[in-house]
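K.L.:
Can you keep this structure in mind? I'll have questions shortly.
The values are calculated or read from the model by the stated rules, or taken from the named source; none is laboratory data. Just so it is clear, the model here is predicted, and its values are computed rather than measured. All Cβ positions, even for glycine, are placed from backbone atoms using ideal geometry, and neighbour counts span all protein chains on display. Side chains are part of the model used for accessible areas, which takes the heavy atoms of the whole protein and leaves out ligands, DNA and RNA. Shrake-Rupley method; radii C 1.70, N 1.55, O 1.52, S 1.80 Å.
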Amino acid sequence: MTAVKETTRRPLGHFAGRSIGGLLAVAAAGVVFGVLLMLVRFKWGPLYHADHEAAEWFNGLVAPHHALVTVLTAITDLGGRPVLIWLVTIAVLGLLIRRQSRLAVYLIITGVGGLILDPSLKALVGRLRPVVDVPITHAPGNSFPSGHALGSFVAYGALLLVFLPAMAPRWRRPAIAIVGVLVFLIGLTRIALGVHFVSDVLGGWLLGAVWLGVTAYAFRLWRRERGRPVPSITEGLEPEAGDEITPAPAEEKVLEHPRSSVAELLVGWVIVFGALYAFGMFVSYHAKGTFFATLDTEVPRWFAERRTDQLTELSWWWSKFGDTHAILLVSLVFCPIVLAVWKRWRPVLFVVLAMFGELSLFLASARVVQRPRPPVENLDGHMPTSSFPSGHIAATICLWSAIAIIVFVRTDRWWRWLFVAMAVIMPVGVATSRMYRGMHHPTDFMGAILLSALWISLLYWVVRPNEDVRRGNRPAIESEQVPELDDELAKAARPE
């Protein structure tokens, strides 16, 4: 007891003795950043000329190659605010569900600090962005320091420190290396795309290192003050939380027979594609004089005759619920939450395969059927794919049906019916909007239903997304004795 009191009485000296190297590195980064900031602020000649020469050299190297620009843009997006905010937000939600509030608060404070430092220093320095001969892309605001460099260093670094304990020791060094390479590439793309000078990116990295080091030091100091051991930083912030933050610690394997499952899915995909091809060719080219032909002629015309400005605006919004961005956003929120609550990969695999299969079936069948759009004004203009089947509708059906299948059997609370309702309302709304806008025939809607029903049924039979519930991993959400939902979700997350 005396030893513990002594440790807590003098935490700073003891902790600093073990962390002197890290403290010196953080202090050095802070000093170098301060010097660089002053040189940029007062436009030191050698640095000014070096930055502009590098900007022109990169512009001449990158601008003529459109494929390279596409790759660089994809990499730079990984350091943008939307991606970083999504990553940190999902991580925070998962940590709260797993009852790791200290780590969640650490991520929030570190992330918010990075968001504050970027615009405030940009306003203080007031440096304009590079002006190059052939502009490749555009970025708003001032230039120093690079927000992408700063944000990616802070966000990916903080996530790495939090989740290192969930990795096997042999994977920790490769993970650190991968994060380091990613942060470097994001910074490099900002220079190559002509939206930042070299010193902007260096400033972002230095400031990110300082802020991440300060917050990590504060967290480790907090542990020391409470008498907790402070391990090497390569073991993460809280090694004892490793089991709790591991995605699926109790799951030995995702599928019982992965090879046969892959074979079944491949054979099933071919069968579903064959059914889509047969139905698509029939309604597109061989259904003259039938009920299908009448339906495909009269319904688009009926919608076109009743268009108004208000309905057109409403249909645009409904149509957006079924586009790639909306579907991807919902998937990227739902899957991590399911993984955090039930600690099983199989439901996540079910959703991922549902969306991947839908996309591949849609693209393949649209390519071979080549059906023209309805003979009315197409409010969305020319589309790169043909009319059959509707990709918007099929994606909406697959996503919300998969979500309803997963959620419905895992709780007996009333709100599970909301997901069933969404599995009906969302596809109907998207289908109505797509036909109203003259982008699809009614039989395109039927094709989307056929695709979704066959593919989701096949996945349910092969993947069995709720197998863990049958084996006892049922959450206690049906219990009326626990008033708080988050407490019940936390109980459900416990391994078998």
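K.L.:
Check Ile191, Ile176 and return the single one that is in a helix (DSSP H, G or I), open to solvent by 40 Å² or more (accessible area, probe 1.4 Å), over 20 Å from Leu117 (Cα atoms) and in contact (Cβ under 8 Å) with a residue 12 or more places away in the chain.
P.N.:
Checking each option against the conditions leaves just Ile176.
K.L.:
I want to confirm something. Restricting to region 403-447 and keeping residues that are part of a helix (DSSP H, G or I) and of a type in the set (D, E, K, R), which single residue is farthest from the chain's Cα centre (by Cα)?
P.N.:
Asp444
K.L.:
Do we find that Glu251 is under 29 Å from the mean Cα position of the chain (by Cα) and open to solvent by 60 Å² or more (accessible area, probe 1.4 Å) in this structure? Spell out how you get there, then give the answer.
P.N.:
Details: under 29 Å from the mean Cα position of the chain (by Cα): yes; open to solvent by 60 Å² or more (accessible area, probe 1.4 Å): no.
No.
K.L.:
Can you name every residue in region 223-242 that is touching a residue at least 24 places away in the same chain (Cβ under 8 Å) and surrounded by fewer than 18 Cβ atoms within 10 Å (Cβ to Cβ)?
P.N.:
Of everything in region 223-242, those that are touching a residue at least 24 places away in the same chain (Cβ under 8 Å) and surrounded by fewer than 18 Cβ atoms within 10 Å (Cβ to Cβ) turn out to be Glu225, Arg226, Gly227, Ile233, Thr234, Glu235, Pro239, Glu240, Gly242.
K.L.:
Anything in region 39-59 that is open to solvent by less than 50 Å² (accessible area, probe 1.4 Å) and within 15 Å of His196 (Cα to Cα)? List them, or say none. First the steps, then the outcome.
P.N.:
Just the residues of region 39-59 that are open to solvent by less than 50 Å² (accessible area, probe 1.4 Å), to begin with: 40, 45, 47, 51, 54-55, 58-59.
Selection gives Val40, Leu47, Asp51, Ala54, Ala55, Phe58, Asn59.
K.L.:
Still on this structure, please answer the following. Output yes when any residue across region 144-159 is more than 18 Å from the chain's Cα centre (by Cα), open to solvent by less than 20 Å² (accessible area, probe 1.4 Å) and hydroxyl-bearing (Ser, Thr, Tyr), and no when none is.
P.N.:
Scanning region 144-159, I find at least one residue that is more than 18 Å from the chain's Cα centre (by Cα), open to solvent by less than 20 Å² (accessible area, probe 1.4 Å) and hydroxyl-bearing (Ser, Thr, Tyr), so the answer is yes.
K.L.:
If you scan region 452-465, which residues turn out to be under 15 Å from Val352 (Cα atoms) and in contact (Cβ under 8 Å) with a residue 60 or more places away in the chain?
P.N.:
Ser452, Trp455, Ile456, Leu458, Leu459, Tyr460, Val462, Val463, Arg464, Pro465
K.L.:
Taking the conditions exactly as written (of a type outside the set (Val, Ile, Thr), surrounded by fewer than 16 Cβ atoms within 10 Å (Cβ to Cβ) and either in contact (Cβ under 8 Å) with a residue 60 or more places away in the chain or closer than 21 Å to Leu121 by Cα (or both)), does Ala74 satisfy them or not?
P.N.:
For Ala74, the condition - of a type outside the set (Val, Ile, Thr), surrounded by fewer than 16 Cβ atoms within 10 Å (Cβ to Cβ) and either in contact (Cβ under 8 Å) with a residue 60 or more places away in the chain or closer than 21 Å to Leu121 by Cα (or both) - is not met.
K.L.:
Test Leu311 against the criterion of being in contact with a helix residue (DSSP H, G or I) (Cβ under 8 Å, 6 or more places away or on another chain), closer than 30 Å to Val88 by Cβ and not hydroxyl-bearing (Ser, Thr, Tyr), and give yes or no.
P.N.:
Spelling it out, it is not the case that Leu311 is in contact with a helix residue (DSSP H, G or I) (Cβ under 8 Å, 6 or more places away or on another chain), closer than 30 Å to Val88 by Cβ and not hydroxyl-bearing (Ser, Thr, Tyr).
K.L.:
Further question: Residue check: is Tyr285 of a type in the set (Phe, Trp, Tyr) and open to solvent by 70 Å² or more (accessible area, probe 1.4 Å)?
P.N.:
Yes.
K.L.:
With the requirement that a residue be open to solvent by 20 Å² or more (accessible area, probe 1.4 Å) and in contact with a helix residue (DSSP H, G or I) (Cβ under 7 Å, 6 or more places away or on another chain), what does region 102-117 give you? Can you show your working first?
P.N.:
So in region 102-117, the residues open to solvent by 20 Å² or more (accessible area, probe 1.4 Å) come out as 102, 105, 108-109, 111-112, 115-117.
Residues satisfying the conditions are Ile108, Ile109, Gly111, Leu117.
K.L.:
Being open to solvent by less than 40 Å² (accessible area, probe 1.4 Å), over 28 Å from Phe419 (Cα atoms), part of a helix (DSSP H, G or I) and in contact (Cβ under 8 Å) with a residue 60 or more places away in the chain: is that true of Gly280 here? Show your work before the answer.
P.N.:
Numbers: open to solvent by less than 40 Å² (accessible area, probe 1.4 Å): yes; over 28 Å from Phe419 (Cα atoms): yes; part of a helix (DSSP H, G or I): yes; in contact (Cβ under 8 Å) with a residue 60 or more places away in the chain: yes.
Yes, satisfied.
K.L.:
For region 356-376, state whether one or more residues are over 26 Å from Gly280 (Cα atoms) and touching a helix residue (DSSP H, G or I) at 6+ places or on another chain (Cβ under 9 Å). Reasoning before the result, please.
P.N.:
Step one: list which residues in region 356-376 are over 26 Å from Gly280 (Cα atoms), which gives none.
Checked region 356-376: no residue is over 26 Å from Gly280 (Cα atoms) and touching a helix residue (DSSP H, G or I) at 6+ places or on another chain (Cβ under 9 Å).
K.L.:
Now a separate question. Could you list, in sequence order, all residues of region 295-353 that are open to solvent by less than 30 Å² (accessible area, probe 1.4 Å) and charged (D, E, K, R)?
P.N.:
Scanning region 295-353 gives Asp296, Asp323, Lys343, Arg344, Arg346.
K.L.:
Could you go through region 381-396 and let me know if any residue there is in contact with a helix residue (DSSP H, G or I) (Cβ under 7 Å, 6 or more places away or on another chain), closer than 30 Å to Asp243 by Cα and not basic (Lys, Arg).
P.N.:
No, the conditions are met nowhere in region 381-396.
K.L.:
Provide a single number: the residues in region 288-337 that are within 22 Å of the chain's Cα centre (by Cα), of a type in the set (A, V, I, L, M) and closer than 20 Å to Thr443 by Cβ.
P.N.:
Selection size over region 288-337: 0.
K.L.:
If you don't mind, another one. Name every residue in region 417-451 that is among the aromatic types (Phe, Trp, Tyr) and either in contact (Cβ under 8 Å) with a residue 12 or more places away in the chain or open to solvent by less than 10 Å² (accessible area, probe 1.4 Å) (or both), in order of residue number.
P.N.:
Hits for region 417-451 are Phe419, Tyr436, Phe445.
K.L.:
Here's something else I'd like to know. Hey, can you tell me all the residues within region 419-455 that are among the hydroxyl-bearing types (Ser, Thr, Tyr) and under 24 Å from Asp309 (Cα atoms)?
P.N.:
Result: Thr432, Ser433, Tyr436.
K.L.:
Here are some residues: Arg172, Arg190, Arg129. Which one is of a type outside the set (Phe, Trp, Tyr) and out of contact with any helix residue (DSSP H, G or I) (no Cβ under 8 Å at 6 or more places or on another chain)?
P.N.:
Arg129
K.L.:
What helices (runs of 4 or more DSSP H), lying completely within region 66-138, carry at least 3 residues that are under 26 Å from Gly242 (Cβ atoms)?
P.N.:
Values: elements: 66-77, 81-97, 101-125.
Those helices (runs of 4 or more DSSP H) span 81-97, 101-125.
K.L.:
Could you please tell me which pairs satisfy a Cβ distance under 9 Å, a separation of 6+ or placement on different chains, a first residue in region 31-49 that is in contact (Cβ under 8 Å) with a residue 60 or more places away in the chain, and a second residue that is open to solvent by 90 Å² or more (accessible area, probe 1.4 Å) and assigned to a helix (DSSP H, G or I)?
P.N.:
What qualifies is Leu37/Leu124; Leu39/Tyr48; Val40/Tyr48; Arg41/Leu124.
K.L.:
Those residues that are assigned to a loop (DSSP other than H, G, I, E, B) and over 16 Å from His138 (Cα atoms), I need them from region 50-65; list them, please.
P.N.:
Selection gives Pro64, His65.
K.L.:
For region 361-400, which positions are assigned to a helix (DSSP H, G or I), open to solvent by 30 Å² or more (accessible area, probe 1.4 Å) and out of contact with any Gly (no Cβ under 7 Å at 6 or more places or on another chain)?
P.N.:
Within region 361-400, Leu363, Arg367, Val368, Trp400 meet the criteria.
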